[in-house]
Amino acid sequence: MNVTDRMIGQLTSGEREAALVICGVTALAGAALGLVGRHDVVAWHGLLILLFAGGFGFLLMTRIGLPEPTGDRGTSYYDDPIKAGITLAMAWAVFGMFMGVWVAAQLAWPDLAFDGGWSTFGRLRPTHTTGVIFGFGGNALIATSFHVVQRTSRARLAGQISPWFVLLGYNLFCLLAVSGYLLGVTQSKEYAEAEWYADLWLVIVWVTYFILYLRTLARRREPHIYVANWYFMAFIVVVAILHIVNNLALPVSWGHAKSYTIWPGVQDAMVQWWYGHNAVAFFLTAGFLGMLYYYLPVRAERPIFSYRLSILSFWGITFFYMWAGSHHLHYTALPHWVQTLGMTFSVMLLVPSWASAGNALLTLNGAWHRVRDDATLRFMMAAAVFYGISTFEGSFLAIRPVNALSHYTDWTVGHVHAGALGWVALITFGSFYTLVPRLWKRERMYSAALVEVHFWLSIAGTLIYVFAMWNSGIIQGLMWRTYTEDGALAYSFVDSLVAMYPYYIARAFGGLLFLIGAIVGCYNMWMTVRAVPEATRRAADEPVAAAVPGE
Amino acid sequence: MEVKERDPVTGRQTTGHEWNGIKELDTPVPRGVLIFLIVTHIWAIAWWFLVPSWPIGTTYTKGFLGVDQHTTVEQSIVQGQAERAPWTERVVAEPYETILADTALMQTVRSAGGQLFGDNCAACHGRDASGRAGYPDLTDDDWLWGGEPETIEQTLRLGINAAHPDSRIAQMPAFGRDQMLERTQIHDVAAFVFSLSNPDYSTEETVDRIASGREVFAASCAACHGDAGEGIADIGAPNLTDDRWVYGGDMETIIASVHGGRQGHMPTWDERMTDAEIRTLSLYVHDLGMRRP
């Protein structure tokens with residue numbers, strides 16, 4: 001029996017039929033989009049939806065006659081979608097990071113666009129950001145949230161098809177987004193580039209995710225909801241709100257990819273950066289804090305340092321982040337008072353953020369010998385440190401006079417990558433190295449030495465990247481504001497570009513190291529599943545609690 | 001069901017909750033966190049009192065400092081202009097020859113002009129102003145419209161084939177595409193033009209073509225490029241006898257120029273730059289040409 005047979009064999013024939021109907025309806029919607037939009041580039045996306053949903057429909061159809069699942073599925077955790085999610089996350093990681101190295105190299109050597117329209121910087125850059133944030137980060141969040149909510153609730157996911165719908169539907173969104181950029185389809189909103197039809201599809205997927213998560217929590221057999229779930233819930237709820245409000249737009253017609261936002265002028269900018277900054281807050285922070293709060297104590301085998309600190313930082317982060325977006329628009333047409341609010345709330349946000357990082361690091365008290373010996377735990381420790389560094393840097397850069405120097409420079413890019421590489425990617429790798437052997441019931445990872453190699457490649461890559469961008473960003477900022485004694489600007493813009501050249505090369509090299517590390521990680525995870533014997537003595541998860549009679 | 005334990009490492013009690021083996025300690029929030037929290041809040045509240053911050057209905061709190069970003073920008077623009085005034089006023093008011101004779105002022109012009117050139121001109125003419133195919137070299141002594149500061153200023157203000165109503169117009173007709181010359185005539189005239197800057201090209205084999213090309217030139221080209229092919233700066237017609245070329249001086253490019261015509265474009269900068277900036281750039285570009293003969 002191959003993997004697909006086994007996974008589909010978990011579904012009853014009724015569920016298989018229902019899944020087939022979902023695939024059929026989606027495929028028809030794709031066909032309709034393609035037909036209505038046959039004179040527009042959107043036709044390609046209609047075709048993509050048709051092939052994607054049709055492909056899964058075909059898989060189901062050929063296996064519709066498999067025997068019914070045996071035993072009571074309610075007594076076991078539902079791990080198949082998690083395994084698929086981890087696989088997809090790692091595939092997106094390699095794709096997204098490769099695109100990142102490519103666009104970084106283009107900045108040093110512009111000829112690497114090879115004179116193609118699709119391969120210009122403007123089109124490739126969002127494939128990098130969407131690939132790593134939504135492809136890698138999003139799949140990692142969906143997979144780990146499915147794992148954490150089941151284990152900490154002692155309940156199986158509240159659905160057989162919906163976890164698959166969420167995971168695969170989400171990946172269809174990512175594919176539509178990334179392929180759209182290459183075709184020139186974009187809303188021109190940073191981190192929200194995907195067009196209206198992809199956005200509508202994501203709303204359906206995300207609401208399903210929300211309901212699935214809530215229903216699973218409602219099934220829990222633990223009296224309290226664990227902190228990690230607070231963060232995952234915040235991530236799911238707020239991302240839904242952000243996504244819907246920022247993407248309110250009117251398409252030119254049902255057959256056109258292009259749409260126009262309903263927000264006018266500076267309000268559009270404000271809504272966009274309210275979205276953009278809270279995407280950082282609730283996608284790249286809250287969700288990954290959920291990961292940290294589960295896998296770090298599990299790996300360290302230590303209790304969380306302080307429950308009270310968890311409460312303080314959770315509510316601090318969720319409340320203050322909501323106000324901080326306007327710090328992206330300092331010294332613009334946005335009214336001065338909105339900028340002040342964004343700045344001050346960004347600074348008040350610092351303490352709750354550091355409380356999270358501190359809570360994680362203090363949890364390691366009593367386990368520092370493990371941090372020394374175990375690269376997996378060290379990944380998570382380093383992630384907490386980078387989380388602390390980048391949240392401090394974020395509050396600092398949000399202060400208007402500081403922002404006057406840093407805005408529009410590579411310093412911003414360095415800051416984002418201190419967070420994205422140092423925090424988001426490191427906590428994900430640490431969590432995956434903890435999760436993969438457990439999920440596939442293996443004794444250990446295939447090679448502890450390769451985890452070490454991955455760790456040091458990641459650290460070296462991140463440091464090279466971040467230091468290169470700090471240097472180039474500050475040099476840029478200073479060059480742009482240097483005046484001669486005659487009161488004239490000392491440098492032209494192109495002078496500052498020439499000064500960036502060595503840093504752009506260093507940045508591409510740092511990114512390359514990080515990419516190589518991710519590829520090593522993929523190999524190690526693959527070999528763990530392929531070649532490591534099944535665990536015999538590992539302490540098992542606590543079982544799913546028995547359902548209360550009458551339910 | 002809730003069992004509180006004491007953690008041997010920290011000596012703290014757990015909360016008694018447990019999730020799949022994860023426990024949490026009941027450690028109070030450290031005093032440092034609370035102090036730091038208060039400090040950041042005081043900092044924020046201080047800003048709210050000092051600068052515009054909270055909306056009230058259709059207006060907002062103005063802050064005791066009375067700062068507003070619009071007035072700050074206006075003030076800094078005025079201040080910047082005042083700092084530059086000692087030399088910009090002279091650049092605008094004084095004749096070019098006076099400025100060129102003033103070494104100290106020219107030093108300032110070179111520095112400020114370099115930045116203006118880098119931000120506005122380098123995209124086409126190159127960072128070192130040496131041009132590339134289709135964009136003239138500004139560092140030599142060969143000028144399409146004249147290399148004196150006054151004529152450069154005219155070119156900057158009006159542009160070439162630009163949107164300005166008095167734009168300089170320079171059009172090399174498409175003699176081949178528009179069927180004004182036969183194919184052989186084009187090849188002949190190209191051979192003649194090529195021979196002007198390459199005397200060695202005239203051999204027994206080519207002498208006939210060059211001769212008939214000379215006739216074509218006299219009939220169709222001399223009106224703009226002059227009888228001797230040395231160009232006319234008043235109408236922007238280039239000198240064809242030297243080794244400086246806008247589009248390229250090889251035979252193939254000359255044929256392409258004659259066949260398809262040429263219509264270079266230089267934007268007008270009249271509305272986009274101040275008088276001081278235009279005159280600084282005129283001096284800067286003139287000075288570039290002076291540096292390399």
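Only residues that are away from chain B (no Cβ under 14 Å), of a type in the set (A, V, I, L, M) and over 30 Å from A:Val451 (Cα atoms) were counted in the range A:469-499, giving 3.
Against the list (1) in contact (Cβ under 8 Å) with a residue 60 or more places away in the chain; (2) surrounded by fewer than 24 Cβ atoms within 10 Å (Cβ to Cβ); (3) closer than 21 Å to B:Thr14 by Cβ; (4) more than 9 Å from chain B (Cβ to nearest Cβ), the condition A:Ala360 fails is (2).
For the condition in a loop (DSSP other than H, G, I, E, B) and facing chain A (nearest Cβ under 7 Å), what is the one hit in B:Pro28, B:Pro8?
None of the others qualify; the one that does is B:Pro28.
If you check A:Leu112 against the conditions, is it surrounded by fewer than 20 Cβ atoms within 10 Å (Cβ to Cβ) and either in a loop (DSSP other than H, G, I, E, B) or charged (D, E, K, R) (or both)? No, not satisfied. Please work out if A:Leu242 is farther than 20 Å from A:Ala420 by Cβ and either of a type outside the set (S, T, N, Q) or under 17 Å from the mean Cα position of the chain (by Cα) (or both). Criteria not met by A:Leu242. Contact map, the range A:308-334: residues that are free of Cβ contacts under 8 Å to residues at least 24 places away in the same chain and assigned by TED's automatic domain parsing to the domain that holds A:Glu190 paired with residues that are surrounded by 21 or more Cβ atoms within 10 Å (Cβ to Cβ) and of a type in the set (A, V, I, L, M, F, W, C), Cβ distance under 7 Å, separation 6+ or inter-chain. Pairs shown: A:Trp323/A:Leu341; A:Trp323/A:Phe345. Residues of the range A:173-195 that are buried (at least 21 other Cβ atoms within 10 Å of the Cβ), touching a Leu at 6+ places or on another chain (Cβ under 8 Å) and among the hydrophobic types (A, V, I, L, M, F, W, C): A:Phe173, A:Leu176, A:Ala194.
Scanning the range A:242-294 for residues that are touching a Gly at 6+ places or on another chain (Cβ under 9 Å), in contact (Cβ under 8 Å) with a residue 60 or more places away in the chain, crowded, with 17+ Cβ neighbours inside 10 Å and farther than 21 Å from A:Ala425 by Cα turns up A:Gly255, A:His256, A:Ala257, A:Met270, A:Gln272, A:Tyr275.
Taking the listed residues B:Leu138, B:Leu105, the one that is buried (at least 17 other Cβ atoms within 10 Å of the Cβ) and part of a helix (DSSP H, G or I) is B:Leu105, with no other qualifying. Residues that are at the interface with chain A (Cβ under 7 Å from one of its Cβ atoms) and either more than 45 Å from the chain's Cα centre (by Cα) or of a type in the set (Ser, Thr, Tyr) (or both) within the range B:33-49 comprise B:Val33, B:Phe36, B:Leu37, B:Thr40, B:His41, listed in sequence order. Do we find that A:Tyr523 is in contact with a Ser or Thr (Cβ under 6 Å, 6 or more places away or on another chain) and touching a residue at least 40 places away in the same chain (Cβ under 8 Å) in this structure? No; evaluated as a whole, the condition is false for this residue.
Of the residues that make up the range A:395-409, is at least one modelled with pLDDT of 95 or more and closer than 17 Å to A:Leu463 by Cβ? Within the range A:395-409, not a single residue is modelled with pLDDT of 95 or more and closer than 17 Å to A:Leu463 by Cβ. Does A:Ile505 satisfy the criteria of being under 30 Å from A:Asp374 (Cα atoms) and touching a residue at least 40 places away in the same chain (Cβ under 8 Å)? Spelling it out, it is not the case that A:Ile505 is under 30 Å from A:Asp374 (Cα atoms) and touching a residue at least 40 places away in the same chain (Cβ under 8 Å). When B:Ser202 is tested against (1) out of contact with any Ser or Thr (no Cβ under 9 Å at 6 or more places or on another chain); (2) in the same structural domain as B:His225 (by TED's automatic domain parsing), just one condition goes unmet, and that condition is (1). B:Asp234 meets the conditions (1) within 30 Å of the chain's Cα centre (by Cα); (2) at pLDDT 95 or above in every case but one. The failed one is (2).
The values are calculated or read from the model by the stated rules, or taken from the named source; none is laboratory data. If you're wondering where the values come from, they're calculated on a predicted model, not measured in any experiment. Please note: Cβ atoms are built from the backbone with ideal geometry, for glycine as well, and neighbour counts cover all protein chains shown.
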